[in-house]
């Protein structure tokens, strides 16, 4: 007899548990967690920078000014000037220009302030008579109530606390201005050494990319500042000449405000033009104010259609919506200074993204070790 064949034990395979992180919903959840982590880190970083904005803002302003003045310092060095002497000459020239602008503003305001106050009082009287007898008349009692409300607000504790806050703002401004002066001097004198120090931990292709990032950052910032200054100068001459011809009070300070406002794209020059039109309305009447508005609109059209594309070139390759969003974010985070710094920071950020993803068209000739343009990022 033969022994019965032994049957092999049948192994029962347990059903594997489904991996919840590998299906479509799991992949979506993983990506959502990554996005939330990045947003959290960004918020924490922005919050931390805002806590030391007294240092961050002067550093950014000094970097932008150094990018604009740097070519002049380098030109002096190529002609044999020592680094400290070239930096001192450029730095002294900048201080002379800023001091001259401030002096012109103060002297113009002091010489025409009394005239503007008297004309403003007459204009307010005309406005009050128009409100009382115009097509939509307002009772004098309502005007008196509005006036009392303004006086009460001016005497309130909120305004007094605001004055204390204003004093602290002045103190912060002076401290920030002093920091800008010191940091700008060292950026102009030792900027290359400072950048080399930050590049020490990196080697190879990553170092080459970072060198290109630094070069592109200074190119974009310098081109933006110089181009905006040229556009602002044209706006200032055109609008200031119109104000002087029509004998609008404070024409020179208003023209300088137009120059400063031009550094806030889209809205700066417009707001400065509206301010000039309001002064003309109070001091010279509605006809002159209308002419000022027409001049401002014409200058803005000339700036947007001709000056910006020709002068700025590739320094500001940003869509108008991106500029508007950057202005809004900068204003919310840091007020007027944030609005001024937001657009150049956005332009630099876009330039860095182009360099890092090898999409900068000038990337190959300047850095042959980097991957070719339009290739996949590494």
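The values are calculated or read from the model by the stated rules, or taken from the named source; none is laboratory data. Computed from a prediction, not measured in an experiment: that's the story for all the values here. For neighbour counting, all protein chains shown are included, and Cβ atoms are generated from backbone atoms with ideal geometry for every residue, glycine included.
The table that follows gives values for the structure above.
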{"quantity": "Qualifying positions in region 332-360 - farther than 22 Å from residue 227 by Cβ and either within 11 Å of the chain's Cα centre (by Cα) or modelled with pLDDT of 85 or more (or both)", "calculated": "334, 335"}
{"quantity": "Any hit, region 247-254, residues being closer than 25 Å to residue 68 by Cβ, in a helix (DSSP H, G or I) and without any contact (Cβ under 8 Å) to a residue 60 or more places away in the chain", "calculated": "yes"}
{"quantity": "Which numbered condition residue 167 fails, given (1) surrounded by fewer than 19 Cβ atoms within 10 Å (Cβ to Cβ); (2) more than 23 Å from the chain's Cα centre (by Cα); (3) at pLDDT 85 or above", "calculated": "(3)"}
{"quantity": "Sole exception among (1) surrounded by fewer than 21 Cβ atoms within 10 Å (Cβ to Cβ); (2) in contact with a helix residue (DSSP H, G or I) (Cβ under 6 Å, 6 or more places away or on another chain); (3) closer than 17 Å to residue 66 by Cα for residue 188, by number", "calculated": "(1)"}
{"quantity": "Residues of region 255-287 classified as within 22 Å of the chain's Cα centre (by Cα) and either part of a helix (DSSP H, G or I) or in the same structural domain as residue 105 (by TED's automatic domain parsing) (or both), total", "calculated": "15"}
{"quantity": "Test: residue in region 288-296 that is over 13 Å from residue 235 (Cα atoms), surrounded by fewer than 20 Cβ atoms within 10 Å (Cβ to Cβ), at pLDDT below 80 and assigned by TED's automatic domain parsing to the domain that holds residue 336", "calculated": "no"}
{"quantity": "Residue match in region 299-306 (condition: assigned to a loop (DSSP other than H, G, I, E, B) and at pLDDT below 80)", "calculated": "no"}
{"quantity": "Unique residue being under 30 Å from residue 338 (Cβ atoms), loosely packed, with under 14 Cβ neighbours inside 10 Å and at pLDDT 70 or above when the list is 80, 26, 84, 100", "calculated": "100"}
{"quantity": "Residues located in region 36-67, provided they are farther than 20 Å from residue 173 by Cα and in the same structural domain as residue 92 (by TED's automatic domain parsing)", "calculated": "67"}
